[in-house]
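The block underneath contains the structure these notes are about, expressed in structure tokens.
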Amino acid sequence: MLTVRTISELQQRLAAFRAEGKSVGLVPTMGALHEGHASLVRRSVAENDVTVVSIFLNPTQFNDKGDLDRYPRTLDADCRLLAQCGDDILVFAPSVDEIYPEPDTRRFSYPPTDEVMEGAFRPGHFNGVCQIVSKLFSYTTPDRAYFGEKDYQQIAVIRRMVADLGFAVCIVPCPVVREESGLAMSSRNTLLTPEEHTLAAHIYRVLHESTLLGESVSATHDFVVNTLNAIPGLEVQYYNIVDGDTLADVSDWTDAEHVVGCITVFCGATPIRLIDHIRYK
Ligand code: AMP
């Protein structure tokens with residue numbers, strides 16, 4: 001496993017692999033890696049000759065500076081985890097100046113995917129995501145890029161960006177990896193106290209229970225919101241039951257082929273913002 005810090009070294013290494021006819025998989029991350037990230041990396045290692053794992057805490061996708069300041073930074077541990085994920089991994093861990101020598105003034109807009117839910121509550125978030133992911137796609141020209149369904153909405157936005165900009169990359173969505181309690185693994189989970197960790201496990205428990213209700217969309221929505229808000233220390237920011245492809249709200253289960261519930265919950269005193277989703281159909 002090799003770690004490179006600059007775009008030029010990354011491109012030189014990749015050019016040599018390409019000359020040998022090797023395929024390239026890309027796994028973009030912000031570090032503080034856990035088993036969720038590792039599942040993406042292992043999948044890429046299995047499906048490509050070379051896997052680039054980028055570790056870059058992208059400032060332009062944080063609308064809340066406190067969130068960026070608090071975000072865990074664990075590069076050494078990240079490299080140890082990646083070393084267990086297979087051979088032929090190239091870690092790309094650039095500085096902020098390497099990626100943004102000048103402020104990135106590009107604006108991306110893919111309504112409604114980037115306007116609803118996270119887009120509404122984190123203004124500029126998906127613009128920052130498109131800025132960094134488009135740069136990573138340009139530097140690496142991957143055959144495949146791996147994204148977790150943990151960030152369900154992000155995949156919909158990136159698919160729109162790929163179609164818009166004509167990147168010849170296959171987007172590979174990967175299932176959410178959960179802790180034993182059902183809590184979706186997240187780098188932000190390390191910021192939770194043990195008590196908050198226990199609280200956070202209610203999110204998936206309630207989402208899962210809601211799939212067994214057999215009620216209308218609006219009654220299912222209200223069940224999730226009311227049950228979670230009744231637990232001291234949890235506060236639902238939004239819960240949207242949407243078309244799994246377009247992310248438009250549905251009012252009836254028959255409105256779309258795939259129906260997904262996307263949630264964001266504030267947990268604990270800080271509070272830590274946690275996202276998750278559940279598939280109904
Ligand atoms: P992040 O470092 O949070 O930007 O995440 C990098 C990639 O890992 C994204 O595509 C995430 O969706 C994915 N990811 C994060 N947590 C999980 C998880 N628990 N299961 C599957 N994928 C995940």
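The values are calculated or read from the model by the stated rules, or taken from the named source; none is laboratory data. Quick caveat: nothing in here was measured; it's all calculated off a predicted structure. Because the Cβ atoms are built from the backbone with ideal geometry, glycine has one as well, and the counts that use them run over all protein chains shown. The area values use the complete protein model at the heavy-atom level, side chains included, leaving out ligands, DNA and RNA. Shrake-Rupley method; radii C 1.70, N 1.55, O 1.52, S 1.80 Å.
What you get for the chain, charging only the Cβ of Lys and Arg (+1) and of Asp and Glu (-1), is a dipole of about 620 debye around the Cα centre. When peptides 3-15, 136-148 are sorted by average Cβ neighbour count within 10 Å, with the highest value leading, the order is 136-148, 3-15.
Rounded to whole numbers, the Karplus 3J(HN,Hα) couplings from phi for the stretch 238-249 are 7, 9, 10, 9, 10, 4, x, 9, 8, 6, 6, 4 Hz, using 6.51 cos²θ - 1.76 cosθ + 1.60 with θ = phi - 60°, and x at Gly and Pro.
Anisotropy class assigned to the stretch 134-281 is oblate, per the alpha carbon gyration tensor with a/c at or over the 1.5 cut-off and a/b no larger than b/c.
The Stokes-Einstein estimate for the stretch 119-214, based on a Kirkwood radius over Cα pairs and taken at 4 °C with 1.567 mPa s viscosity, is a diffusion coefficient of 83 µm²/s.
Can you tell me the 0 to 90 degree angle between the C-alpha axis of helix 152-165 and the longest principal axis of the chain, rounded to 10? On a 0 to 90 degree scale, this one is about 50. Amide H contacts of G244: H258, V259, V260, each under 5 Å away and 5 or more positions distant or on a separate chain (H built 1.01 Å from N in the peptide plane; Pro and chain starts excluded). Summing charges over all other residues whose Cβ lies under 13 Å from the Cβ of R273, with Lys and Arg as +1 and Asp and Glu as -1, gives -4. Here the label points at C170 and D252, each 7 Å from Cα along the C-beta direction, are separated by 3.8 nm in the simple model. At the residue level, I275 shows approximately 40 square angstrom of accessible surface with a 1.4 angstrom probe and all protein chains present.
Counting only residues at least eight positions apart within a chain, or on another chain, the lysines with an alpha carbon under 20 Å from that of K281 are K150. Projecting the Cα atoms of P101, C130, L82 onto the charge dipole of the stretch 81-133, computed from C-beta unit charges around the Cα centre, puts C130 farthest toward the positive end.
Accessible area per residue for the chain is 45 Å², calculated with a 1.4 Å probe on protein heavy atoms, without ligands, DNA or RNA.
Fully extending the segment from Y100 to S181 would add 25.2 nm, taking 0.36 nm per residue of separation and subtracting the current Cα-Cα distance.
For the stretch 21-138, a crude dipole built from +1 on the beta carbon of Lys and Arg and -1 on the beta carbon of Asp and Glu, taken about the Cα centre, is about 80 debye to the nearest 20.
Helix 7-19 and the longest principal axis of the Cα set of the chain meet at an angle near 80°. Can you classify the chain as rounded, prolate or oblate using the Cα gyration tensor, where a ≥ b ≥ c are the square roots of its eigenvalues, rounded means a/c under 1.5, and otherwise it's prolate if a/b beats b/c and oblate if not? Cα axes put the chain in the prolate bin. Taking a straight Cα-Cα cut-off under 17 Å and skipping sequence neighbours fewer than 8 places away in the same chain, no lysines fall within cross-link reach of K22. All other residues whose Cβ lies under 9 angstrom from that of Q153 are scored, Lys and Arg at +1 and Asp and Glu at -1, for a net of -3.
Considering only I275, P173, V4, the residue lying farthest towards the positive end of the dipole of the chain is V4, judged by Cα position with unit charges set on Cβ. Compute the separation of the alpha-carbon centres of the stretch 12-50 and the stretch 134-164 and state it in Å as a whole number. Cα centroid of the stretch 12-50 versus Cα centroid of the stretch 134-164: 14 Å apart.
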